Amino acid sequence: MSNGEDLNVAGAGPAGDGLDETALTMGIDPYERNWMRLTVALLVMFFTTVAIAGFAMGIQVTGAYQEVDPRTVLDTEPWATPGLRKIGDKEYEAYVVAQTWSFNPSEIEIPVGSTVTILVTSPDLQHGFKITDTNVNTMVVPGQVSKVTYTFDTVGDFPYICHEYCGTGHATMFGVVKVVPEGTLDEVSGDTGGDTDNEANSDEDDSQ
Amino acid sequence: MTTDDVSANSVANSERAADHEQTDEHEHFKPVGTMFILAMFVVALIMLWASVYLILLSRGVTT
Amino acid sequence: MTTIDEPIETPDVETTDLTIERVEKPEFDLSPQEKRFVGWHITVAITALMIGSMMGPIQSFQFSGLDLYPYLEPVIKSYYQGLTLHGVLNALVYTTFFIVGFANLTTMKGLGRSLSHPVINKVGFWTMLTGLIMTGIPILTNSATVLYTFYPPLKASWAFYLGLTLVVVGSWIEGLGFYLTLAAWRKDHRGVRSPFIALGGIINMAMWQIATLGIAVEILTMLLPWSLGLIDNTDPELARTYFWFTGHPLVYFWLLPAYVSWYGMLPKQVGGKLFSDSLARLAFWLFLIVSVPVGFHHQFTDPGVPQTWKFIHAALTYSVFFPSMITLFTVVASLEFAARRQGGKGLVGWIRTLPWGDPSVAAQLLAGILFMFGGIGGLTNASYSLNLVIHNTAWVPGHFHLTVATAATLSFMGISYWMVPYLAGKQLWSPKMALVQVWTWFVGMIIFSNAMHVLGLLGAPRRTPLGSAPYVPEEWNGHLLRVSIGGGILLISVLIYGWVMLRTALGPKVEAHLVPTVPIAESIRHPQLTPVWLDRFKPWLIAAGLLLVVAYGPQFIDQIFNMNLNAPGTDFVPWPS
């Protein structure tokens, strides 16, 4: 026999309203009901604000851009000669290799007001790429190219730091974006190609 | 089985009056202190969240 | 508000019939063997916590230049090896063993019966323990310094992956034992609502089983064969997607046992009742549904995942905030209800009426307070492009030390202050010291966590020995020092905790009436008035499955069918030896 049935029979109240299992309510306190409404309203409000930053103002996260083979990516252009390329007036592309345990190039120099499309990849382990005091922040994953475009409107040094654990030299893995006042930059450095500051990388290049 | 019968029946018996009295206990208690604490929480939530949002906006546009 | 005392002083309907029930039904208690079985889980858990927690403060000291690693050289070769131990032991081992042990207790005590197939749970436990040893050896021998996220192509020893798999599989087996026990109970109690503390713990296990499918597939199809040399390469982006399928629900796996206690036990401990049984259950079911399809919010800055899916998961992550906000209201209202019936007055003055002198209560209250800020940080993390400000910065460990390391851990410590004496048949050794422990944890964590959040906003990376990083500007130094101070206070706190636990466990047996009992809270409204649909697994499991297919299906299909196993990693061991 089932207690559930007992329950229904025995539940017949004085007013004749049996304990109808299907008619049970949650019995939510009116204050709590309002709190739940407020929660939904808050979430909608926050989410709208987020959507405005993302889509109306165009502050966007990295998306799926391009896949590469991490085993051969450094043998082929443009990654064979990472560095800054000028593609227009105050418009640049920066190909950056994140590799145990340095960035190549480790320095990017641009005039203030430049828009730089940064493309980062890794031939070995996962790394991170975050330029301090900017909204440039992306993972660097072997096999993927992370693409971020940013306009540097302030003069100064902006370190880019590896923020994903990648082994022994992780804590010393960084580079600098030097944003210089207009006219102080040698035109030659507009297109630098590979950066030879870095021994590990030049060894790598030599061997290939 | 007997204990279960007791539990189910006693529950059911209590339900009859429960509709009236139990909810009374519930209704007499107005969680005003809770609402106050939660209001403070919402203020903190909005302010702290907004502070990060403003940092985001101050750091330029990334696409 | 003045009428609050009235219905309580007159023993009304709500108590009469149910009192009879309680008298007639001899109260079930765990047998000595069952207590020992739960006790083994808790012993392993606390041992892992003690070892893992020694590492954290040492990391924090490094931040302000106090480098203790040379002294650890015989065992711990680097900051990163210590960090791996800290993460794996505290976030994976301590939590899993404690949670499963606690679920054994809440299942048996909640349902008022023994496990239906105790041998299943024994097998589960030993599988977990075997896994723990297999995971621990490579970590200690520095052949798995890959942190607790083990992102490929960082390659750990195969034993590390296999060991983790066994820990997870063991927890699945124990989960099965709980389901069968619940099914057996339901057969005998048709039409009766499942007792909340049992149901809550079991829903958590169900959520965990769904969630850990990600990590299981990642390890079995990619990492284990790779570490055994059967395949040469990995697909790191796919591995990340697998990992975060498990990685975010993992945080709810940590939290929900604390919620079981906050909803189903704490009200009793403070002399009150659960404010809303219906909403407590609803919150748990919502966690079952929305905990899992949110993983891409950990991958907002990943290449290889389209923005659309990131945005969808941002919205879904927002929805997880809803059951947590229900929890906030219900728990605080339960506390206020208890305080007012004991004469608590004023808009907030009633808070002082709560039994702050009970270390178990104080721990959970303080854990709850810090969790409010953890929630604010969590909403920030979930907010799509706001993630650009804080992704992989020190903010993130700052955040999860408020959630897993306080909301969960400090609550678990609070639980252990009654549970360990209960299991051992002892009294808590020095409740005063326990109170000192609780408060030092609270204060230490505020200092540590605040400094970490600020450092993150300034751009400091996580998982980095910042004390020796060349790019650290002077501006960070004050905050780095605060991290160390917070870490120091936490070290004191955890040492006191270990000492109190040890002295309690080794203390003399006391008479039964001096041993704490398991606090089980009644709800204001009888659970039998809760709608049936809040007591059924089926509709919620179906909903969870459907939502998973919608939220994860297309991207999984894309990433799996376009799988590129082409990342070999390094041909040398990349971490310090």
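The values are calculated or read from the model by the stated rules, or taken from the named source; none is laboratory data. All of these numbers come straight from a predicted model, not from anything done at the bench. Here the Cβ positions follow ideal geometry from the backbone for every residue, glycine too, while neighbour counts run over all protein chains shown. Note: accessible area is taken over every heavy atom of the protein model, side chains too, but ligands, DNA and RNA are not part of it. Shrake-Rupley method; radii C 1.70, N 1.55, O 1.52, S 1.80 Å.
Structure summary
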{"quantity": "Count - residues of the range C:150-171 that are in contact with a Gly (Cβ under 8 Å, 6 or more places away or on another chain), closer than 14 Å to A:Gly167 by Cβ and either in a helix (DSSP H, G or I) or open to solvent by less than 40 Å² (accessible area, probe 1.4 Å) (or both)", "calculated": "3"}
{"quantity": "Number of the exception - A:Asp153 against (1) modelled with pLDDT of 85 or more; (2) surrounded by 15 or more Cβ atoms within 10 Å (Cβ to Cβ)", "calculated": "(2)"}
{"quantity": "Test set (1) of a type outside the set (Gly, Ala, Ser); (2) over 18 Å from C:Gln299 (Cα atoms); (3) crowded, with 24+ Cβ neighbours inside 10 Å - A:Thr168 fails condition number", "calculated": "(3)"}
{"quantity": "Residue identified as more than 14 Å from chain C (Cβ to nearest Cβ), out of contact with any helix residue (DSSP H, G or I) (no Cβ under 9 Å at 6 or more places or on another chain) and within 28 Å of C:Arg240 (Cβ to Cβ) among A:Ile87, A:Ile108", "calculated": "A:Ile108"}
{"quantity": "All positions within the range C:521-539 that are assigned to a helix (DSSP H, G or I) and surrounded by fewer than 21 Cβ atoms within 10 Å (Cβ to Cβ)", "calculated": "C:Val532, C:Trp533, C:Asp535, C:Phe537, C:Lys538, C:Pro539"}
{"quantity": "Residue among C:Val292, C:Val217, C:Val305 that is buried (at least 24 other Cβ atoms within 10 Å of the Cβ) and away from chain A (no Cβ under 13 Å)", "calculated": "C:Val292"}
{"quantity": "Matching helices (runs of 4 or more DSSP H) fully within the range C:185-263 where at least 1 residues are more than 23 Å from the chain's Cα centre (by Cα) and modelled with pLDDT of 95 or more", "calculated": "C:224-227"}
{"quantity": "Residue match in the range C:272-291 (condition: among the β-branched types (Val, Ile, Thr) and more than 18 Å from the chain's Cα centre (by Cα))", "calculated": "no"}
{"quantity": "Scan of the range A:115-128 for residues that are touching a Phe, Trp or Tyr at 6+ places or on another chain (Cβ under 6 Å) and in a strand (DSSP E or B), ordered by number", "calculated": "A:Val116, A:Leu119, A:Val120"}
{"quantity": "Per-region count, the range C:109-135, residues without any contact (Cβ under 8 Å) to a residue 60 or more places away in the chain and open to solvent by 20 Å² or more (accessible area, probe 1.4 Å)", "calculated": "7"}
{"quantity": "Checking A:Gly58 against (1) buried (at least 17 other Cβ atoms within 10 Å of the Cβ); (2) within 10 Å of chain C (Cβ to nearest Cβ), the condition it does not meet", "calculated": "(1)"}
{"quantity": "Lone unmet requirement of (1) open to solvent by less than 50 Å² (accessible area, probe 1.4 Å); (2) at pLDDT below 95; (3) assigned to a helix (DSSP H, G or I) for B:Asn9", "calculated": "(1)"}
{"quantity": "Answer residue from the range C:446-476, given it is small (Gly, Ala, Ser) and crowded, with 18+ Cβ neighbours inside 10 Å and is nearest to the chain's Cα centre (by Cα) among those", "calculated": "C:Ser449"}
{"quantity": "Hits in the range A:148-168 (condition: of a type in the set (Phe, Trp, Tyr) and at the interface with chain C (Cβ under 7 Å from one of its Cβ atoms))", "calculated": "A:Tyr165"}
{"quantity": "Tally, over the range A:129-147, of residues that are outside any loop (DSSP other than H, G, I, E, B), more than 7 Å from chain C (Cβ to nearest Cβ) and open to solvent by less than 10 Å² (accessible area, probe 1.4 Å)", "calculated": "3"}
{"quantity": "Number of the condition not met by C:Gly467 [criteria: (1) touching a residue at least 60 places away in the same chain (Cβ under 8 Å); (2) more than 14 Å from chain A (Cβ to nearest Cβ); (3) small (Gly, Ala, Ser)]", "calculated": "(2)"}
{"quantity": "Residue in the range C:494-505 that is more than 9 Å from chain A (Cβ to nearest Cβ), assigned to a helix (DSSP H, G or I) and within 30 Å of C:Tyr151 (Cα to Cα) present", "calculated": "yes"}
{"quantity": "Residue that is surrounded by the fewest Cβ atoms within 10 Å (Cβ to Cβ), among those in the range B:24-45 that are within 21 Å of A:Met45 (Cβ to Cβ) and facing chain A (nearest Cβ under 8 Å)", "calculated": "B:Val42"}
{"quantity": "Those residues of the range C:226-257 which are more than 18 Å from C:Val290 (Cα to Cα) and open to solvent by less than 10 Å² (accessible area, probe 1.4 Å), in sequence order", "calculated": "C:Trp226, C:Thr234, C:Pro236, C:Glu237, C:Leu238, C:Ala239, C:Arg240"}
{"quantity": "Given (1) basic (Lys, Arg); (2) open to solvent by 50 Å² or more (accessible area, probe 1.4 Å); (3) under 30 Å from B:Leu57 (Cα atoms); (4) not in a helix (DSSP H, G or I), index of the condition C:Lys509 fails", "calculated": "(3)"}
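Yes/no per residue for (1) more than 12 Å from chain A (Cβ to nearest Cβ); (2) surrounded by fewer than 24 Cβ atoms within 10 Å (Cβ to Cβ); (3) in a helix (DSSP H, G or I); (4) modelled with pLDDT under 95:
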{"site": "C:Phe329", "(1), (2), (3), (4)": "no, no, yes, no"}
{"site": "C:Ser334", "(1), (2), (3), (4)": "no, no, yes, no"}
{"site": "C:Gly346", "(1), (2), (3), (4)": "yes, yes, no, yes"}
{"site": "C:Pro355", "(1), (2), (3), (4)": "yes, yes, no, no"}
{"site": "C:Phe371", "(1), (2), (3), (4)": "yes, no, yes, no"}
{"site": "C:Leu388", "(1), (2), (3), (4)": "no, no, yes, no"}
{"site": "C:Gly398", "(1), (2), (3), (4)": "yes, no, yes, no"}
{"site": "C:Thr409", "(1), (2), (3), (4)": "yes, no, yes, no"}
